[in-house]
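In what follows, a single structure is set out as structure tokens and then discussed.
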Amino acid sequence: MSDPTPQKNQVPGTTTDGPAGRLAELSQKAQEAQRTVAASVAEDRQKLSAAVADAKDKAEQGAQRLQSSGQRARANVTGTWNQVQTSWQDHVDSVRVKLEERRAERDVKRLQNAADDAEDYAADAVDFAIAAVEEAEYATLDAVLARVEADEAADAAQ
């Protein structure tokens, strides 16, 4: 049985539970989302509505995981991270309420405006995700550097 703990001089985060493994998971999720959206374009309204409901459920589960992971964060970053999570969740909730209200209306012009709003929201969510990926890349590289520096300091102390 192999030891899952990274050995000295091993790149931190190369296990599936480390930062690099989480980045790989993020990449897989993004590719899955891209495939789902591309396939949904050709679907009929009923299947598309089901795909939207499924994506909404996944997003809510992800938000719950995000909140849970935020609660486990270290004290020095918890306040800021929780503030970002709360702000994002408030934004998501507000937009979803507005989108649900507009879907209930049957006026063509309002539906076109709702579609425009939904497309704008999707673009904003993608922009936010891109920024989050860039921040995750920075944080992961910083964690790798911190581990290398800690290992070097431990070696020098011996």
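The values are calculated or read from the model by the stated rules, or taken from the named source; none is laboratory data. Because the structure is a prediction, the values reported are computed rather than measured. Don't worry about glycine lacking a Cβ; one is built from the backbone with ideal geometry, like all the others, and counts go over all protein chains shown. Note: areas computed on protein heavy atoms with side chains; ligands, DNA, RNA excluded. Shrake-Rupley method; radii C 1.70, N 1.55, O 1.52, S 1.80 Å.
Close contacts from the range 44-57, counting a first residue that is farther than 20 Å from Asp93 by Cβ and a second that is of a type in the set (S, T, N, Q), with Cβ to Cβ under 9 Å and a gap of 6+ residues or different chains, come to Lys47/Ser40; Leu48/Ser40; Ala51/Thr36; Ala51/Ser40. For the range 54-98, the set of residues classified as loosely packed, with under 11 Cβ neighbours inside 10 Å, over 22 Å from Ala131 (Cα atoms) and modelled with pLDDT of 80 or more consists of Asp57, Val97, listed by residue number.
Within the range 102-112, being open to solvent by less than 80 Å² (accessible area, probe 1.4 Å) and closer than 23 Å to Gln89 by Cα holds for one residue alone: Ala104.
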